[in-house]
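The values are calculated or read from the model by the stated rules, or taken from the named source; none is laboratory data. Quick caveat: nothing in here was measured; it's all calculated off a predicted structure. Backbone-built Cβ (ideal geometry, glycine too); neighbour counts: all protein chains shown. Protein only, heavy atoms only, side chains kept; ligands, DNA and RNA dropped before computing areas. Shrake-Rupley method; radii C 1.70, N 1.55, O 1.52, S 1.80 Å.
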Amino acid sequence: MSTEPTPPAHPVPVYQALDLFVVNGANAGDPLSFAAELDLDDVYELRRQARQYELSLNVEGAGPFSISEGSEIGQPGAQIHLDSCLTLMTGNGRTTEVLVLVEVDNSGDVAAIYAMPLAAMRPKTGYALVGIDTKTVLEKFAQVACVSFTRGTHITMASGEQRAIETLQPGEMVLTRDDGVQPVRWIGQSTLRAVGDFAPVRISAGALNNENDLLVSPDHRLFIYQRSDALGAGRHEVLVRARHLVNGDSVRRETGGFVDYVQLLFDRHQIIYAEGIAAETLLVDPRTRAALPPEVEEALTRQIAGHDAPSHLQYEVGRALLNHPNAADILKRASTR
């Protein structure tokens, strides 16, 4: 008897509320709280000893979500509510958005509060609270999870032609790894500040046997076939997130300025070829669905059903197996020997 694949947990980097506290303002001395208890113009600082934890979530619908087993922080099974999106501003006018996540106990009382910054934060820096948004927090949370290629990326078409992704149109035929030639159903585009979780990862030419540089969103999963199981994953085929391959050299974060992201949606979650690297397309799940425009949401309900149980996700390997300063090099050698 076959069983449905277990939906993957969504790991998100968070600080504990105690690590972000008010140094000046109405709530001086208090840690970060939920929207109803916050005051505009309060100035926050990040504690010098603060470190980010990986909060793993089971995501279904619009929430509340729950903490998954194996999460680095939080009580497994406890509910998590997306409370608000805060806009913080430094003295030089730079803004940073922070999502506030609230863990509740069985009685519905607040058990813990977490801060999920969408850009890097630094200790000994004042961050003035200039905006509190409780209406678009789900969309912001979804945007982070939407895997994206960048403008200029070459995609392998049905004919073998290498086409710049920005020239593609819905209905054009693209070569997929598992289902042959398939039509693109929808193409999304967005321009974002290249900071924090929105800063792309550059995989330099040759790092994974790719001919040209590949620039993708940090949680984009790449499909790699190992001739030998160099990672100890127990299988030859693996999916790895671009962020877990960063080594500061051949694979690095590209921060600063703006980035043009492009999302490709097919009837099913697919593996396609970008700059010669096998990479996933947009997966529509309970988290990313909130980032789609209404007309695409309606089309999904009518015709695109192949995202319910994507088989590729069984190949994903976590950060623990990639905790090596040269994981990209290990995978490159393993895929050619």
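Structural remarks
- Integer Hz, Karplus 6.51/-1.76/1.60 couplings in order for segment 159-168, x for Gly and Pro: 7, x, 4, 9, 10, 5, 4, 6, 8, 6
- Förster radius 22 Å - calculated FRET efficiency between Q49 and R122 (Cβ-Cβ, nearest 0.05): 0.95
- Mean shadow area of segment 49-119 over all directions, Cα convex hull, nm²: 5.8 nm²
- With one equal scatterer per alpha carbon and no solvent term, the Debye-computed log10 I(q)/I(0) for the chain at 0.08, 0.10, 0.11, 0.15 1/Å reads -0.40, -0.62, -0.76, -1.34.
- Length gained on full extension, V23 to D105, computed as 0.36 nm times the residue gap minus the Cα-Cα distance: 26.6 nm.
- Relative contact order (%) - the chain, alpha-carbon pairs under 8 angstrom, separation at least six: 16 percent
- Charge dipole of the chain about the Cα centre (unit charges at C-beta), most positive-ward option of L282, L82, S68: L282
- Only DSSP H runs of four or more residues enter the estimate; each adds -39500 (n - 2.57), and after division by the residues of the chain the mean residue ellipticity at 222 nm equals -2500 deg cm²/dmol.
- Only protein heavy atoms count here; on that basis, with a 1.4 Å probe, L168 has an accessible area of about 10 Å².
- Protein-only accessible surface at a 1.4 angstrom probe places the residues S107, S250 in the order S107, S250, largest first.
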